[in-house]
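The values are calculated or read from the model by the stated rules, or taken from the named source; none is laboratory data. Note that the coordinates shown come from a computational prediction; the quantities given were computed from them, not determined experimentally. Here the Cβ positions follow ideal geometry from the backbone for every residue, glycine too, while neighbour counts run over all protein chains shown. Protein only, heavy atoms only, side chains kept; ligands, DNA and RNA dropped before computing areas. Shrake-Rupley method; radii C 1.70, N 1.55, O 1.52, S 1.80 Å.
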Amino acid sequence: MSIRPWRDITRRECRQIMVGNVPVGGGAPVTVQTMTNTPTSDAAATIAQIRRCEEAGADIIRVSCPDTDSTAAMGQIVRAAQVPIVADIHFHYKRALEAADAGAACLRINPGNIGSSDRVAEVVRAAKANGCAIRIGVNAGSLEKDLLEKYGEPCPEALVESALDHIKLLQDHDFHEYKVAVKASDVFLAVAAYQQLAEAVDCPLHLGITEAGGLIGGTVKSSIGLGSLLWFGIGDTIRVSLSAEPEEEVRVGFEILKALGIRNRGVRVVSCPSCARQGFDVIRTVQALEERLQHIRTPMSLSVLGCVVNGPGEARETDIGITGGGNGKHMVYLSGVTDHHVQDADMIEHIVRLVEAKAAEIDAADAASKLAAE
C-alpha cells in the first residue's frame with residue numbers, strides 16, 4: 001500500500017522504442033528533449049549549443065535538416081553529441097535518407113507530406129537500415145486540407161485522425177519503431193487530442209504544446225498542458241517549446257517532471273515568495289543559488305525560507321534548509337534537524353558548499369549500494 005496514494009501516478013502502458021541508446025515508452029523514464037536553433041550547416045555552433053543542452057540534462061536533441069548543407073554536417077554533429085540526435089525533416093524525403101545515413105537516431109517526419117507511398121517506403125528502408133526510429137509529428141497549424149474541410153477547423157478528432165493516417169502509412173511498410181505527437185498551441189486542443197490518441201494507439205507519445213510563447217508565458221502554458229497529461233500518466237518524452245534558448249527548455253522540462261515526482265535531477269528548491277518578515281533577501285538568494293547549483297545532477301532538496309513561520313516545517317522535509325533569523329544570523333538545517341547558524345555575508349557560499357558535500361555523500365552511498373548489489 002502506498003504511503004501517500006494521492007501522489008501516485010499510473011503511467012499509460014505502451015510498447016517501447018529506442019531512440020539511439022535511449023529507451024522511450026514501455027515504462028522507461030520520461031525523457032526531456034529540446035531543439036537547436038543554430039544553422040545546422042554550422043556544425044561548430046550547433047555542437048556548442050548541443051553541449052550546453054547536454055549539460056542542462058537533455059536526453060535527446062533535435063536539429064533541423066532543411067537542406068543538403070545541413071545533412072552534410074549531420075555526421076560531424078552526431079559524432080560530437082553525447083545524446084541521440086533527431087533529424088527534423090519537412091517535405092523533402094531525400095533529406096531523411098541523408099540524415100539516416102549520417103547517423104541520426106530518429107527522423108521527425110510527417111509521412112503525409114513526404115510524398116508518394118514509394119517515397120515513404122524509401123524513408124522506411126533507410127530508417128530500418130540505419131536503426132532509426134521515426135517520430136510522426138502532427139501539428140494543428142499544418143493539418144491536411146481534407147481534414148480541415150471535413151472538420152471545419154483543427155480539433156482533437158482531426159489531429160487524431162491525421163496521426164492514425166500517418167501511422168498506417170508506416171505500418172503498411174512494416175515499420176513499428178515510431179512515436180507520435182499531436183501538438184497544438186491551444187492547451188485545451190492539445191490535451192484533448194493527446195487524451196484521445198492515448199486511447200487509440202499503443203506507441204509512445206511525444207508531448208508538447210507547440211508555439212507556447214516566451215520563457216514565462218510558454219512555461220506556464222507548457223506546465224498546464226504537459227503537467228495535466230503527465231499527471232494522468234500520458235506521455236513518454238516531452239519537449240517544452242519556448243521562444244528562449246534551448247537549454248531553458250530543458251530546465252523547464254525537468255522542473256515539470258520534478259514537480260510531479262516523475263523524475264528527479266538536481267536540486268529541488270522549496271522557497272517562500274518573501275515578505276516583510278524575511279531575515280534575508282529571499283528572491284536574490286534563490287536566484288543566486290539556482291545559478292550556482294546548476295551543475296548538481298544528484299537529486300536532492302533545499303529549502304530557503306525567509307523567517308521562522310514556515311521555515312522549520314519546510315526544513316524538516318528537505319535535505320538542507322536555511323531559515324532567516326534576526327541580526328543577519330540564520331539557522332541551517334541538515335536532514336531536517338537544526339544544526340548551526342550562518343552569518344548573512346557567508347550564507348550563499350556556505351549553502352553551495354553544503355549542497356556539494358551532500359551530493360557527493362549521496363553519490364558515494366549510491367555507488368556503494370550498487371557495488372554491494374553486484
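Between 29, 5, 200, the Cα set farthest toward the positive side of the dipole of the chain (charges on each charged residue's Cβ, about the Cα centre) is that of 5. Summing charges over neighbours of residue 189, with a neighbour being any other residue whose Cβ is under 13 Å away from its Cβ, gives -2 when K and R count +1 and D and E count -1. The phi-based Karplus calculation (6.51 cos²θ - 1.76 cosθ + 1.60; θ = phi - 60°) puts the 3J(HN,Hα) values of the range 239-255 at 10, 8, 8, 10, 7, 7, 5, x, 5, 5, 4, 5, 4, 5, x, 5, 5 Hz, whole numbers, x for Gly and Pro.
Every Cα-Cα pair of the range 71-221 was included, and the share exceeding 23 Å stands at 39 percent.
At R0 = 45 Å, how high is the FRET efficiency between residue 363 and residue 157 if r is their beta carbon distance? Nearest 0.05 is fine. The value I calculate is 0.40. Counting only DSSP beta bridges whose two residues both lie in the chain, roughly 25 percent are antiparallel.
Taking 31 Å as the limit for the C-alpha separation, the pairs 150/179; 145/179; 128/150; 94/183; 329/370; 128/221 exceed it in the case of 128/150; 329/370; 128/221. Backbone geometry of the range 103-109 corresponds, through the Karplus equation with coefficients 6.51, -1.76 and 1.60 at θ = phi - 60°, to 3J(HN,Hα) couplings of x, 4, 7, 7, 10, 8, 9 Hz, x marking Gly and Pro.
Rounded to the nearest Hz, the phi-derived 3J(HN,Hα) couplings of the range 207-212 under the Karplus curve 6.51 cos²θ - 1.76 cosθ + 1.60 (θ = phi - 60°) are 9, x, 9, 7, 6, 6, where x marks glycine and proline. If you take all other residues with their beta carbon under 15 Å from the beta carbon of residue 332, and give Lys and Arg +1 and Asp and Glu -1, the sum is -3. Relative to the Cα centre, the charge distribution of the chain, modelled as +1 at Lys and Arg Cβ and -1 at Asp and Glu Cβ, gives a dipole magnitude of about 460 debye. Here percent of Cα pairs over 26 Å apart was computed from the coordinates, and among (i) 52; (ii) 57; (iii) 69 the match is (ii). Residue 269 to residue 8: FRET efficiency via 1/(1 + (r/R0)^6), r the Cβ-Cβ distance, R0 35 Å, to the nearest 0.05? For R0 = 35 Å, the calculated efficiency reads 0.90. Based on protein heavy atoms only, the chain ends up with 46 Å² per residue of surface accessible to a 1.4 Å probe. Charge tally around residue 128: other residues with Cβ under 13 Å, Lys/Arg +1 each, Asp/Glu -1 each, net -3.
The alpha carbon gyration tensor of the range 1-152 gives principal lengths a ≥ b ≥ c with a/c of 1.5 or higher and a/b no greater than b/c, which makes the shape oblate. For the range 222-374, the square roots of the Cα gyration tensor eigenvalues, ordered a ≥ b ≥ c, give a/c of at least 1.5 with a/b no greater than b/c, which places it in the oblate category. First check a/c for the range 156-289, with a ≥ b ≥ c the square roots of the eigenvalues of its C-alpha gyration tensor; if it is under 1.5, answer rounded, and if not, answer prolate when a/b is larger than b/c or oblate otherwise. Because a/c hits 1.5 or more and a/b exceeds b/c, the range 156-289 counts as prolate. Each label point was placed 7 Å from the Cα along the Cα-to-Cβ direction; for residue 310 and residue 220 their separation is 2.0 nm.
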